[in-house]
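J.: Below you'll find the structure I mean.
All of the numbers you see were taken from the coordinates with simple rules; none came from a lab. This one's a predicted model, so the numbers in the text were calculated from it and none came from an experiment. For neighbour counting, all protein chains shown are included, and Cβ atoms are generated from backbone atoms with ideal geometry for every residue, glycine included.
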């Protein structure tokens with residue numbers, strides 16, 4: 001077996017092989033281009049243009065199959081950014097060849113696949129991190145540290161809300177089919193639930209949800225609301241609407257999800273572009289061409305963002321104050337009045353993902369976004385779908401609690 005893992009404590013860059021150069025990779029590209037703690041050494045994607053672009057950009061090896069990439073002795077960790085339904089297969093492949101895995105959210109689309117991923121890594125003695133999700137964001141981690149400090153007492157209520165144009169961005173057919181991992185619950189609740197679980201303690205005990213699917217041309221869930229109860233007595237309300245009218249970035253100082261100023265007319269423009277698409281095939285091609293290596297791909301800005309990435313308005317009510325997450329940090333409201341506690345904007349977008357990756361790969365730390373943690377997030381997402389379908393409360397059974405890091 002080819003095992004390219006470096007010993008804990010090494011200061012060498014983490015050598016990444018990439019499975020999938022599509023949308024998720026495109027969004028992580030500024031991180032990989034700007035963070036010297038990682039080095040992209042190999043990649044696989046079914047699109048020849050993406051493979052060529054990878055070789056030209058990174059000078060690494062473009063492989064012809066996932067098997068070849070995972071067997072590459074230069075690869076230390078595999079970043080798995082393939083479609084949701086392929087994650088379990090690709091984690092098992094990487095683990096069988098001695099490679100640790102950083103996997104895009106959602107972890108998978110069913111619990112059995114999540115368990116397969118966890119067991120495959122345990123049996124091979126490799127690590128598993130699930131990310132990027134927006135619970136990596138600096139203001140979320142800052143709010144969690146503030147709760148850990150005890151200054152504000154326990155978190156009792158978390159409210160999260162996000163209105164986007166998600167459903168009208170270019171999609172492949174399976175992204176509009178819930179049975180194949182499509183819709184906003186799999187792709188967007190994976191962010192929102194991860195954020196809420198992290199802030200409320202993690203151990204969700206009860207889920208009641210409703211979902212909305214009211215555009216027959218996009219036949220999957222485009223919206224949801226849910227009420228979550230937690231073992232520590234906290235509760236949370238989460239709402240998401242991806243139908244592309246109102247934009248909650250207006251409540252985030254005009255800063256978009258990626259941490260940069262956003263055009264207030266962005267949602268309208270998204271719908272206008274989609275209206276020009278004639279059929280499913282043309283839409284799928286349009287999506288592919290916008291991604292890395294495609295004819296419509298645009299390189300990320302070279303300047304660092306002035307604000308943190310976010311996932312819409314989040315408000316945490318603690319016993320001794322309220323914490324409002326903003327693109328700048330955490331706005332505190334307590335007995336002393338109000339004040340902004342600034343978060344450190346990462347010098348590289350999504351640098352927090354590499355922080356965790358580095359801690360696991362080079363410092364021997366346990367991952368926060370571990371397999372069991374992320375399986376618990378998917379369990380809540382699936383509970384939301386089931387609760388809406390059956391109009392009942394669902395009681396999750398595989399939840400994992402948040403544990404403060406040793407230095408907190």
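J.: Of all the C-alpha pairs in the stretch 71-131, what % are more than 18 Å from each other? Let's see the in-between values first.
T.: Details: 393 of 1830 pairs.
Here the long-distance tail beyond 18 Å is 21 percent of all Cα pairs in the stretch 71-131.
J.: Once every Cα of the stretch 138-239 carries one equal point scatterer and solvent is ignored, give the base-10 log of I(q)/I(0) from the Debye formula at q = 0.11, 0.12, 0.22 Å⁻¹, two decimals.
T.: Per q value, in the given order, log10 I(q)/I(0) is -0.40, -0.46, -1.10.
J.: Once you keep just the Cα pairs under 8 angstrom separated by 6 or more residues, what percentage relative contact order results for the chain?
T.: Details: 898 pairs, mean separation 84.8, N = 408.
Result for the chain is 21 percent.
J.: Just check the stretch 361-408 against the gyration tensor rule for me: Cα atoms, a ≥ b ≥ c as the square roots of the eigenvalues, rounded for a/c under 1.5, and otherwise prolate or oblate depending on whether a/b exceeds b/c. Display every interim value, and only then the final one.
T.: Working: a/c = 4.72, a/b = 2.88, b/c = 1.64.
Verdict is prolate for the stretch 361-408.
J.: Shape verdict for the chain, please, from the Cα gyration tensor: rounded (a/c under 1.5), prolate (a/b greater than b/c) or oblate.
T.: Details: a/c = 1.39, a/b = 1.17, b/c = 1.18.
Rounded.
J.: Can you tell me, using C-alpha contacts under 8 Å and at least 6 residues apart, the relative contact order of the stretch 45-101 as a whole percent?
T.: Over the stretch 45-101, the number comes to 28 percent.
J.: Continuing with this model, one more query. Divide, for the stretch 269-358, the radius of gyration over alpha carbons by 2.2 N^0.38 Å, where N is the residue count.
T.: Details: Rg = 19.7 Å, N = 90, 2.2 N^0.38 = 12.2 Å.
Normalised Rg, Cα atoms only: 1.62.
J.: Once all Cα-Cα distances of the stretch 53-199 are split into 10 Å bins that start at 0, what whole-number percent is in each one?
T.: For the stretch 53-199, the pair-distance distribution reads 10, 31, 31, 22, 5, 0.
J.: Order 295-305, 192-202 from most to least packed using the mean count of other Cβ atoms within 10 Å.
T.: Working: 295-305: 12.0, 192-202: 26.3.
Result, highest mean Cβ count within 10 Å first: 192-202, 295-305.
J.: Now a separate question. Could I get the Rg over Rh figure for the stretch 189-342? Both from C-alpha atoms, Rh via Kirkwood, rounded to two places. Working shown, then result.
T.: Working: Rg = 18.7 Å, Rh = 18.4 Å.
Taking Rh as the inverse mean 1/r over Cα pairs, Rg/Rh reads 1.02.
J.: Calculate the length of the line joining the C-alpha centroid of the stretch 322-397 to that of the stretch 181-256, in whole Å.
T.: A separation of 13 Å, based on Cα centres.
J.: How many percent of DSSP beta bridges within the chain run antiparallel, rounded to 5? Write down the numbers at each step before the final one.
T.: Values: 38 of 64 bridges.
Given both bridge residues lie in the chain, the antiparallel proportion sits at roughly 60 percent.
J.: Taking the alpha-carbon centroid of each part, what is the distance from the stretch 134-176 to the stretch 28-99 in angstrom?
T.: 27
J.: Now for a separate question. Between residue 216 and residue 10, what is the label-point separation in nm under the 7 Å Cα-to-beta-carbon projection?
T.: 5.8
J.: Then there is this: Would you kindly compute the Cα radius of gyration of the stretch 207-249 and its largest Cα-Cα separation (Dmax), both in Å?
T.: Every Cα atom of the stretch 207-249 included, Rg and Dmax give 13.1, 42 Å.
J.: Of the listed peptides 354-360, 95-101, 394-400, what is their order by residue-averaged count of other C-beta atoms within 10 Å, with the highest listed first?
T.: Numbers: 354-360: 19.9, 95-101: 23.0, 394-400: 15.9.
With the highest mean Cβ count within 10 Å placed first, the list reads 95-101, 354-360, 394-400.
J.: What nm distance separates the two modelled labels at residue 253 and residue 89, each placed 7 Å from Cα along Cα→Cβ?
T.: Inter-label distance under the simple model: 4.4 nm.
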